[in-house]
1. Need pairs with beta-carbon distance below 7 Å; first residue farther than 30 Å from LYS91 by Cβ and within the stretch 279-306, second in a helix (DSSP H, G or I) and not aromatic (Phe, Trp, Tyr); sequence gap 6+ or separate chains.
2. Consider the stretch 223-240. How many of its residues are of a type in the set (D, E, K, R) and in a helix (DSSP H, G or I)?
3. Name every residue in the stretch 247-286 that is within 24 Å of ALA45 (Cα to Cα) and not in a helix (DSSP H, G or I), in order of residue number.
4. Against the definition (of a type in the set (A, V, I, L, M) and more than 30 Å from LEU4 (Cα to Cα)), how does MET97 come out, yes or no?
5. Looking for something within 19 Å of the chain's Cα centre (by Cα), crowded, with 17+ Cβ neighbours inside 10 Å, on the phi < 0 side of the Ramachandran plot and modelled with pLDDT under 90 - is there at least one such residue anywhere in the stretch 253-268?
6. Looking at GLY250, GLY315, GLY277, GLY242, which is the one that is surrounded by 14 or more Cβ atoms within 10 Å (Cβ to Cβ), of a type in the set (Gly, Ala, Ser) and out of contact with any Gly (no Cβ under 7 Å at 6 or more places or on another chain)?
7. Does LEU220 satisfy being in a helix (DSSP H, G or I), under 23 Å from LYS179 (Cβ atoms), modelled with pLDDT of 95 or more and out of contact with any helix residue (DSSP H, G or I) (no Cβ under 6 Å at 6 or more places or on another chain)?
8. Restricting to the stretch 113-122, what's the tally of residues that are small (Gly, Ala, Ser) and either in a helix (DSSP H, G or I) or within 13 Å of ASP56 (Cβ to Cβ) (or both)?
Amino acid sequence: MKELNIELYKTMYLIRKTEEKIQEHYHEDEMKTPMHMSMGEEAIAVGVCHALKAKDQIFGTYRSHAIYLAKTQNINDFFAEMYGKDTALLKGKGGSMHMCNPDGGFMGSSGIVASAIPVAVGAAFANKTVKNEKYVAVFFGDGAANEGVFWESLNVACLMKLPIIFVCADNGFAVHTPKSEREGYESLSDIVLKFHCHVINQETTDVEVIYNLTRDGIKLMKDTSMPLFLHFGYYRYLEHVGICEDYEAGYRSREEYLKWLERDPVRSQREKLINRGVDERNVKKIEEKIDEKIMNSIKKAQAAPFCDCDELFEGVLA
């Protein structure tokens, strides 16, 4: 289990430091894309994605950084896309909100709330039809559960027994609107339990716990051919969109932020490694290697050319 926890930490550290570098460089105005940052939810993305196999597929929301890096580990393509360069898979046309890397199992993210959910259900249906034994995981926030398409998609997935994992990363807010002002029920998980699917509900920042819960859930899926609904609570550190701390917007307190920061998923995992016998010097070597990797990716992206204007017409279907 020590090796597993090291790998989980590596990926979470990669995600956290990548976004910290975005904060550091964003004011230079070379990244021409709005940013929906993932700080605070790294354990969900990493725990779930590490429980999946390489061939499995994921879909996500505009808050795509953590899930993209957790699934693909492709930091070079990530920064090339952030800087809008020709070396990126999408040539800079996707930006932060519309990442895509099918070869890496990241099938796409969307800026429209809940819009990836029915597409993911379609992918799961296709996988079941061709019997390729691929699972699909679709990530979304609790705000997406207020959209009708979520319930329609959940219903179809349960009815058809599709190999899909619905992953709700619940921070209690839809942009700035709390649950109390938009939900006429007490518990999302309790409602989903009425459907023919497995439900796992947990509020934890421990990536190992999330990994194990996801593994257990996937086993249940295999045994019963029923979908899985994962409901994880977390705290979004930064604003809905942008690189500033969330509490500065005035609708949440600094005290609440500091309370969650005590349970920070990245720091907690680092402490776990040391408590389980990993020499802190070795942890620092891991971190230094990742730091260097990130800086090299940024330099490559900054030095890379923009695509030709003709690229604007490529991939346009109408």
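The values are calculated or read from the model by the stated rules, or taken from the named source; none is laboratory data. Remember, predicted model here, so these are calculated numbers, not experimental data. Backbone-built Cβ (ideal geometry, glycine too); neighbour counts: all protein chains shown.
1. What qualifies is GLU280/ILE274; VAL283/ARG270; VAL283/LEU273; VAL283/ILE274; ILE286/LYS10.
2. Taking the stretch 223-240 and keeping what is of a type in the set (D, E, K, R), we get 223, 236, 239.
Subsequent filtering for residues that are in a helix (DSSP H, G or I) retains 223.
Total meeting the criteria: 1.
3. Within the stretch 247-286, ARG252, GLU262, ARG263, ASP264, ARG276, VAL278 meet the criteria.
4. Values: of a type in the set (A, V, I, L, M): yes; more than 30 Å from LEU4 (Cα to Cα): no.
So MET97 fails the test.
5. No, there is no match, as no residue in the stretch 253-268 is within 19 Å of the chain's Cα centre (by Cα), crowded, with 17+ Cβ neighbours inside 10 Å, on the phi < 0 side of the Ramachandran plot and modelled with pLDDT under 90.
6. Testing whether each residue is surrounded by 14 or more Cβ atoms within 10 Å (Cβ to Cβ), of a type in the set (Gly, Ala, Ser) and out of contact with any Gly (no Cβ under 7 Å at 6 or more places or on another chain) leaves just GLY242.
7. Numbers: in a helix (DSSP H, G or I): yes; under 23 Å from LYS179 (Cβ atoms): no; modelled with pLDDT of 95 or more: yes; out of contact with any helix residue (DSSP H, G or I) (no Cβ under 6 Å at 6 or more places or on another chain): yes.
No.
8. Here the count works out to 3.
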